[in-house]
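The structure appears below as structure tokens.
The values are calculated or read from the model by the stated rules, or taken from the named source; none is laboratory data. Keep in mind it's a predicted model, so treat the numbers as computed, not measured. Cβ sites come from the backbone with ideal geometry, for glycine too, and all protein chains shown count toward neighbours. Areas reflect the complete protein model, heavy atoms only, side chains present, ligands, DNA and RNA absent. Shrake-Rupley method; radii C 1.70, N 1.55, O 1.52, S 1.80 Å.
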Amino acid sequence: MILLKNISYKYSQSSRYALNHISIDFKKSEFVSIIGHNGSGKSTLVKIIMGILTPTEGEVYIDGEKVTEENYQTIRDKFSIVFQNPDNQFVGATVEDDVAFGLENRGVPHETMKEKVELALKEVGMWEFRTHEPHRLSGGQKQRVAIAGALVTNPDVLIMDESTSMLDPIGRRDILSLLKEIHKKRDTTIIYITHDLTEIEDSDYAYVMNKGEIASEGKVYEIYEDTDVLKESNLVLPFNIELSEALMQGEYMSYEELVKRL
Ligand SMILES: Nc1ncnc2c1ncn2[C@@H]1O[C@H](COP(=O)(O)OP(=O)(O)OP(=O)(O)O)[C@@H](O)[C@H]1O
Ligand SMILES: [Mg+2]
């Protein structure tokens with residue numbers, strides 16, 4: 001559904017390429033993770049996918065259609081994105097106003113809008129907070145509202161660009177399990193961006209980025225087994241992987257398996 005063909009990108013102020021010959025074929029309805037250290041090019045890649053940046057080299061196809069200057073505005077409507085800091089994203093004075101914003105922009109009739117906002121807020125468990133001010137919510141609640149705002153337009157693709165990195169580990173788990181629920185219920189393709197290897201465990205597929213390149217890709221257990229690539233990419237190995245590596249010389253074990261073995 002999103003096909004990146006040999007994408008390279010260089011910021012005009014920079015001498016280095018931020019992305020170097022990236023090819024990815026995102027399949028419809030998959031939960032895909034992109035993992036990489038600071039500056040590896042994850043957000044640049046997102047901006048290319050969303051049509052915010054035009055690749056220096058290479059092509060982007062969305063549902064078989066090549067993205068061009070002329071059509072990217074319409075194509076963009078298929079995507080929603082949630083960023084790291086929700087405070088920069090809030091536009092409404094109340095939670096429900098904020099979630100309604102994307103619909104107002106598209107000229108959705110008032111009654112339909114009310115229904116959609118209610119559904120989206122219920123889906124993320126924030127309906128009872130509808131009259132609250134977004135800025136006064138907790139970090140996790142803010143992200144829930146941001147997710148509701150992203151889902152309310154019923155996008156084909158939801159992109160989470162390190163959206164949980166400001167939350168504590170419990171808050172992160174919370175948002176991740178909410179996303180998995182959403183993914184089960186809806187047809188939405190989810191692209192989950194993170195630098196935390198423990199967060200990709202349940203993804204259908206994952207890409208490791210390092211210095212603007214895809215260092216590896218595969219099913220999550222394949223990613224976890226290639227510890228050399230993970231270390232070269234400056235990623236912190238989760239405890240169970242480090243321990244399985246020490247015990248099993250490379251064969252990946254989940255926490256559960258590991259506990260059983262021990
Ligand atoms: N506006 C810009 N102008 C010049 N260089 C930039 C710009 N934005 C990003 N870069 C550079 O491009 C490279 C990739 O940055 P990018 O933000 O895509 O990485 P990232 O993986 O999202 O990092 P982070 O984990 O910090 O969010 C980095 O070397 C960064 O310094
Ligand atoms: Mg980034």
On a straight-distance basis, which aspartates and glutamates could pair with residue 114 in a cross-link, Cα separation under 17 angstrom, same-chain partners fewer than 8 positions away excluded? 96, 97, 98, 104, 123, 128
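Under a 1.4 Å probe, what is the accessible area of segment 56-125 per residue, stated in Å²? Don't skip to the answer; put the middle values down first.
Numbers: 4060 Å² over 70 residues.
Result: 58 Å² of accessible area for each residue.
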Which of these, 209, 160, 126, has the largest mean-square fluctuation under a Gaussian network model of the chain (Cα springs below 10 Å)? 126
Per residue of the chain, what 222 nm ellipticity follows from adding -39500 (n - 2.57) for every DSSP H run with n ≥ 4, rounded to the nearest 500? -10500 deg cm²/dmol
Karplus-derived 3J(HN,Hα) from phi for segment 169-175 (6.51 cos²θ - 1.76 cosθ + 1.60, θ = phi - 60°), whole Hz, x at Gly and Pro, runs x, 5, x, 5, 4, 4, 5
Gaussian network model of the chain, Cα within-10 Å springs - most flexible of 40, 80, 15: 15
With all protein chains present, how much of the accessible area of segment 194-262 (probe radius 1.4 Å) comes from carbon and sulfur, to the nearest whole percent? 48
Once Lys and Arg are counted +1 and Asp and Glu -1 for all other residues with Cβ under 11 Å from that of residue 9, the total becomes +2
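Pull out the extension gain between residue 112 and residue 69, defined as 0.36 nm times the separation in residues minus the alpha carbon to alpha carbon distance; nm, one decimal.
Details: separation 43, 0.36 × 43 = 15.48 nm, distance 3.16 nm.
The span from residue 112 to residue 69 would gain 12.3 nm if fully extended.
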Once both label points are put 7 Å beyond Cα along the C-beta direction, the residue 186-residue 236 separation in nm becomes 3.0
For segment 194-226, list residues with backbone N below 17 Å from a point placed 7 Å from the Cα of residue 260 toward its Cβ? 221
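Let me have the relative contact order for segment 120-170, percent, based on Cα pairs under 8 Å that are six or more residues apart. All intermediate terms of the calculation are to be shown ahead of the outcome.
On the way: 27 pairs, mean separation 19.8, N = 51.
Relative contact order comes out at 39 percent.
Would you mind giving the average projected area, over all directions, of the Cα convex hull of the chain in nm² with one decimal? It would help to have the intermediate numbers written out before the result.
Values: hull surface 59.9 nm².
Answer in nm², one decimal: 15.0.
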Peptides 183-190, 26-33: what's the order by average Cβ count within 10 Å, highest mean first? 26-33, 183-190
Cross-link pairs beyond the 23 Å C-alpha cut-off, checked among 5/28; 66/184; 27/78: 66/184
Pull up all non-local amide H partners of residue 92: gap of 5 or more, or a different chain, and H-to-H distance under 5 Å with H placed in the peptide plane. 98
When only C-alpha pairs under 8 Å and at least 6 residues apart count, what is the relative contact order of segment 109-262, in percent? 14
For segment 1-47 and segment 116-139, what is the separation of their C-alpha centers, rounded to whole Å? 32
Between the helical axis of 239-248 and the dominant principal axis of the chain, each derived from Cα atoms, what acute angle in degrees is found, rounded to the nearest 10? 30
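In what sequence, largest accessible area first, do 23, 233 appear using a 1.4 Å probe?
Details: 23 65, 233 0 Å².
Most to least solvent-accessible, the answer reads 23, 233.
Of the cross-linked pairs 47/211; 122/219; 47/180, which ones have a Cα-Cα span greater than 21 Å in the structure shown? Don't skip to the end; give the middle numbers.
Values: 47/211 16 Å; 122/219 32 Å; 47/180 24 Å.
Distance filter (> 21 Å) returns 122/219; 47/180.
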